[in-house]
Every structure is written in C-alpha cells, then in structure tokens.
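The values are calculated or read from the model by the stated rules, or taken from the named source; none is laboratory data. Keep in mind that this is a model prediction, so the values were computed, not measured. So basically every Cβ, Gly included, is an ideal-geometry build from the backbone, and we count neighbours across all protein chains shown.
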Amino acid sequence: MMKKVVFVNPPVDNELFGVFSDVLGKLPQLGILFLASILRKNNFEVKIIDAYNLRMSSEDALKKIKEFNPDFICLTSNTEYINYAADFAKKIKFWRKDIIIILGGPHINLAPVETLKLYASFDFGLIGESERSLLEFLNSNSKKVPGLVFREKNNIVVNKSDERIKSLDSLPFPSFDLLEGFPEKYQPTPTNFKNYPSTGLTMSRGCPWNCSFCDKSVFGKKFIYHSPKYVVSLIENLRDNFGIRDICFYDDVFTIPHFRIKKFCELMISRKVNISWSCLTRIDCVDKKILKLMKLAGCWQISYGIESGSQRVLDILNKDLSLVDIKKRIGETKSAGISVRGFFIIGSPKETKEDIEKTWHLIKESKIDDLELEFFTPIPRTVLGESSSDFGSFDTSWRKTSMLKANFVPNTLDRETLESYYKKIIKDFYTQPRIIKNYFFKLFNPSKTRFIIYGLKTFVKILFSKN
C-alpha cells in the first residue's frame, strides 16, 4: 500500500495581515511543490493543503487532512507564523496523537533547537535542502538522516545537513497540479505582474553576498542554478497546461552569471515563449547589454534591493553598493524600457532622520516606477539580528518578525517618528502626478483593474491607520 503524505502551508489568523490583506501576494511554495514531485516519483500518495494562501480556516484545513488520512504530515513555516503552525499541529495531534508531524521551512533552519524545545506538537524538523533527506526519512524512519532535528531524552539533536544538490535540473518539475484552484486563486503582489494568470518561480538557490540583515539559513552562500533550458521548458509547461501568461522570478539574485541569463533570454526569444516576466536582483548585477536583451525576451520590470539612500546606512547593512552605481543602474534600466521597483528599508540600526530623508530624496530623484517600503526587522542568526539589541529596542517574540510593522526602533529614532516617515514616504510617492498617471492607465488592463482598486483601498487605510 502506498504511504500517504500531506504537505500543509498552515492557516493563520486573517487579521494578521491588517491593512495589507487585499494586496499581499499569494505565491505557491515552490519548496513544497518540488518535494511533492519527488515523493510522487517514488510511489507516495501526496496531497497539498495551502491553507495560508487560500485563507483557509483551521477547521477546514483539518477536515481536509482527516479526509485524506495521511501517514505523515509535513508543515512549513517562516518565523512570523511559527506560532500558528504550532497551534495547528496541536489540533492535528488532538485528532490523531500517533501521526508524525515534520516541520520544514525557513524558521526551523533559523532556530532548530529552540523550536523543538518550545513546541511539543512537532515531532521532527528538517533543515537545509530536504529533497533527499525527506524521502530517506519517510522510507526508513531513521534518526541518522542528514538535517534531521529530533528529541533524544532531554536533548534536542540536530544532524548535520546533507551536501547541497549539485544539479537542480535533476529535480522533477514542481507539482503545480496539486494546488487547489491554481492558478486562479494565486497571484504575486498587484505591482509585480503585468498579465494574468501569473505565478512565481526561482531559477537558482543561494546568494554569495554578505548583507548583514539577510537570512540565508536554508540555501547559504553557495550559488547554484537550473539550466536555462530547464526553466524555459517549465515556463512552457505552465503556459500550455495552466494558461500562465506572466512569471515573477523571485531569486535573490536573478541576473548572475550573465552568460546564463543571456542563454535564457535567447531561448525565450527563439522558442517564442511570448509571456511577460519580472525579476529581483542586485543593482550592481546588470549592465546595458544584458538589460536590452532582457527587455527583448519579455522582461517588463526589475525589483532592486536598494534599501537606503544613505551611504552610511548602506554600509551598516553591508550592501557593498555605492549611491553613484545605484543611480546609474536605475537610469540604465529605465532607458532599456524596463520598469524599476525599488525595495527600501527604514529604521535600520543607527539610522537617523537625516538618513531617512536621504532615502526619500533618492526615491524621488531616481524616478523609480514602484515602491516596496518596509521596516527593518531583526532576524535570528543574522549579523544585525544578533546585535540589534545593542542599537535599539524590539519585541523578540517570533510573532513580531514582520517587516510590515515597526517592531525594531533604533536608539536614534522613536516609534512615532518612524511610523510618521513611513506614511509620509508612501503618501508622497503615490500622490506624484507621474505615479497617479501610471496607475490610472493600469486600470484599463482587465487583469489589473481589481488589484489596483485593492491597492487604492490599502493606500487609504495606511494613511488613516493609527499604526
């Protein structure tokens, strides 16, 4: 008899999303989809319950689990939602005490020992890449599996994780067909897709840079990637079988090495894939030549992690970027006909009012097309996450690890000032005539209309919210 495994992206309290509830993206968890494909290939019966993205209640999610009656349950969670995952695991255990619950995802990688100490409802954890280790554990139930986290008497044991996968092309295509309501019930954030239906993909794992605020606990610094041929074939599969018309690549650094992106773009053109796509990357990892080719291959927007308009703050964040290069590359991107979406952070350690003013000046001066503004948030096991208490105050509760709220307040600022600047930058940016004009014309794109209306409602809520 085939063993049954259910992957669950656990439900959370819908009130958690606050004013952003209508505009937060709903992207498939690619890690789960790859794992599901591997298990199916090895004769497991697999189900995916994406309660988080489908805004499913705990009761409804548990009902689906009961109907499937699995042998194993695999949960995923980041740090902000770990309490919700643990609460849901408790409910599962109340239904069936003997069922094995395995926790994967970003949070267990950040705090494996603390997590199993605090939450008895998780039987095991898996850290690192789990494509080999999960299959091995489900087949053997051995505690010698690489990356396994488990209880041994009064101790928590963390096995050394397995070596990184050498070839990502060895992985079968992710199981998008197991997602309920895909692609209609999924979409990136409204500012991050051009056509609909749209979905997210990654071409690579790892990031070789050393930003002091960034979590790299799962994939680390070693950079590996799918071949362009694999990715283009996957996109064609999504287009032909699911009607996907737009891809949002959310690799940490999409545009390295250039020969890979060059080959990807050439394949997109020669095979006439004919879809729009966007990506995230570092601003120092593009040049005029590659930007021009990306535009020809369907790229319409690039999101850059700029973070600050203050060189002093950029150095604190260890971004290894100069303001001169930032301004130059933004100009080159826009000249290539590609929209620029800028990621910025306020409230970093040691940041002052003058630094935030410099950030707002850069945003205006560079004429970026869209803005993603977040608050600095200390993340466990990162350089600044470990030292942030020396530079400010914050609630260390995992539940507060959200960049949408001002949890960390540096000693150089106060909360009222920080939140005031957030509202000011959002208001001043989106009330610029050129931005209003841009969004007005987007209203006439049928795939965008309802999302632009949601965005307008969110904008108004931010301006009039108390915090």
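Residue 233 - would you say it is of a type in the set (S, T, N, Q), surrounded by 22 or more Cβ atoms within 10 Å (Cβ to Cβ) and assigned by TED's automatic domain parsing to the domain that holds residue 370?
For residue 233, the condition - of a type in the set (S, T, N, Q), surrounded by 22 or more Cβ atoms within 10 Å (Cβ to Cβ) and assigned by TED's automatic domain parsing to the domain that holds residue 370 - is not met.
Table: residues versus (1) of a type in the set (S, T, N, Q); (2) assigned to a helix (DSSP H, G or I); (3) modelled with pLDDT under 95; (4) over 22 Å from residue 34 (Cβ atoms).
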| position | (1), (2), (3), (4) |
| --- | --- |
| 234 | no, yes, no, no |
| 241 | yes, yes, no, no |
| 244 | no, no, no, no |
| 248 | no, no, no, no |
| 251 | no, no, no, no |
| 260 | no, yes, no, no |
| 264 | no, yes, no, no |
| 267 | no, yes, no, no |
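Looking only at region 166-182, how many residues end up being buried (at least 19 other Cβ atoms within 10 Å of the Cβ) and either closer than 15 Å to residue 445 by Cβ or out of contact with any Asp or Glu (no Cβ under 7 Å at 6 or more places or on another chain) (or both)?
Residues flagged as buried (at least 19 other Cβ atoms within 10 Å of the Cβ) and either closer than 15 Å to residue 445 by Cβ or out of contact with any Asp or Glu (no Cβ under 7 Å at 6 or more places or on another chain) (or both) within region 166-182 amount to 6.
Can you find a residue in region 412-430 that is in contact with a Ser or Thr (Cβ under 8 Å, 6 or more places away or on another chain), over 26 Å from residue 366 (Cα atoms), modelled with pLDDT of 90 or more and not aliphatic (A, V, I, L, M)?
yes
Just give me the residues in region 318-339 being surrounded by fewer than 23 Cβ atoms within 10 Å (Cβ to Cβ), in contact (Cβ under 8 Å) with a residue 12 or more places away in the chain and not polar (S, T, N, Q), in sequence order.
320, 323, 325, 327, 330, 331, 332, 334, 336, 337, 338
Could you check region 154-194 and list, in sequence order, the residues that are of a type outside the set (Ser, Thr, Tyr), in a helix (DSSP H, G or I) and touching a strand residue (DSSP E or B) at 6+ places or on another chain (Cβ under 8 Å)?
Hits for region 154-194 are 168, 176, 178, 192.
Which residue pairs have Cβ atoms closer than 9 Å, lie 6 or more positions apart in sequence or on different chains, and pair a first residue in region 56-68 that is under 11 Å from residue 8 (Cβ atoms) with a second residue that is surrounded by fewer than 13 Cβ atoms within 10 Å (Cβ to Cβ) and hydrophobic (A, V, I, L, M, F, W, C)?
Within 9 Å, the pairs are 62/95; 65/95.
Testing residue 380 on (1) assigned to a loop (DSSP other than H, G, I, E, B); (2) without any contact (Cβ under 8 Å) to a residue 24 or more places away in the chain, one condition comes back false. Which one is that?
(2)
Against the definition (modelled with pLDDT under 80, more than 30 Å from residue 108 (Cβ to Cβ) and in a helix (DSSP H, G or I)), how does residue 462 come out, yes or no?
Criteria met by residue 462.
All but one of (1) in contact with a Leu (Cβ under 8 Å, 6 or more places away or on another chain); (2) in the same structural domain as residue 380 (by TED's automatic domain parsing) hold for residue 178, so report the exception by its number.
(2)
Could you grab me the full set of residues in region 34-45 that are more than 25 Å from residue 204 (Cα to Cα) and either of a type in the set (Val, Ile, Thr) or not in a strand (DSSP E or B) (or both)?
Correct list: 43, 44.
So, in region 93-108, exactly how many residues are buried (at least 24 other Cβ atoms within 10 Å of the Cβ) and outside any strand (DSSP E or B)?
Result for region 93-108: 3.
Can you tell me which residues in region 205-230 are over 27 Å from residue 316 (Cβ atoms) and among the hydroxyl-bearing types (Ser, Thr, Tyr)?
Answer for region 205-230, where residues must be over 27 Å from residue 316 (Cβ atoms) and among the hydroxyl-bearing types (Ser, Thr, Tyr): 225, 227, 230.
Return yes or no: is residue 163 of a type in the set (D, E, K, R), farther than 21 Å from residue 25 by Cα and in the same structural domain as residue 61 (by TED's automatic domain parsing)?
When the stated conditions are applied, residue 163 does not pass them.
When you check residue 331 against the structure, is it within 27 Å of residue 278 (Cα to Cα), out of contact with any strand residue (DSSP E or B) (no Cβ under 6 Å at 6 or more places or on another chain) and not β-branched (Val, Ile, Thr), yes or no?
When the stated conditions are applied, residue 331 passes them.
Return yes when residue 295 is surrounded by fewer than 20 Cβ atoms within 10 Å (Cβ to Cβ), within 14 Å of residue 277 (Cβ to Cβ), of a type in the set (Lys, Arg) and out of contact with any helix residue (DSSP H, G or I) (no Cβ under 7 Å at 6 or more places or on another chain) and no when it is not.
Here the answer is yes, as residue 295 does meet what is asked.
Checking residue 84 against (1) buried (at least 21 other Cβ atoms within 10 Å of the Cβ); (2) aromatic (Phe, Trp, Tyr); (3) within 23 Å of the chain's Cα centre (by Cα), which test does it fail?
(1)
Can you name every residue in region 114-171 that is polar (S, T, N, Q) and over 27 Å from residue 222 (Cα atoms)?
Once the filter is applied, which keeps residues that are polar (S, T, N, Q) and over 27 Å from residue 222 (Cα atoms), region 114-171 yields 121, 139, 140, 141, 142, 154, 155.
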